[in-house]
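Asker: Input: one structure, supplied below.
Each value in this text was obtained by applying a stated rule to the coordinates, not by laboratory testing. Just so it is clear, the structure is predicted and the values come from calculations on it, not from any experiment. Ideal geometry is used to build each Cβ from the backbone, glycine not excepted, and the neighbour counts take in all protein chains shown.
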Amino acid sequence: MRRRFVFFLLLMGFTASLAACGGESAPSDPVDVVQSWSQAVNASDNEAAAKLFAPNAVVIQGGQRTLLAGEPEALAFNSALPCGAKLVDTSVSGDQVTASFTLTRRPDHMCDGTGESATTVFTVTDGKITLWHELPSSSADAQTA
């Protein structure tokens, strides 16, 4: 009888540990969300990158504002990014992360900006990106000046 009870306890403990490890939880810290997004884009895992965006997230890039109504639009946005990006530095103010990147090649994409710098401001609310705002690069400012 004691043997069955010990087996039952071991089985319950094993089941509980499996349940706790069952799914990888999404990051909630704003910097962790930005790092996860960058890693997903670098791996061309557009689905994982899209899942980090909240419904109705706003993207501002090249002076254009786009609303990502849901996951299909977030998937299309992430799929269209030509470059990967090595995260170089972050600064945080509340839920807002300003991230500096060095652009890299990414699988199955043509990146003509490899090695250039890029800065993006992310607003992260409840573990989801609600704003992705690419700031103008200083090299682009210098070329237009």
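Asker: Rounded, prolate or oblate: which fits segment 27-144 when a ≥ b ≥ c are the square roots of the eigenvalues of the alpha-carbon gyration tensor, with rounded for a/c under 1.5 and prolate only if a/b beats b/c?
Answerer: rounded
Asker: Using amide H atoms built 1.01 Å from N in the peptide plane, name the residues 5+ places from Phe53, or on other chains, whose amide H lies under 5 Å from its own.
Answerer: So Phe53 has HN proximity to Ile129.
Asker: Next question. What is the spin-label model distance, in nm, from His133 to Gln61 if the labels are put 7 Å beyond Cα along the C-beta direction?
Answerer: Those two pseudo-labels are separated by 1.7 nm.
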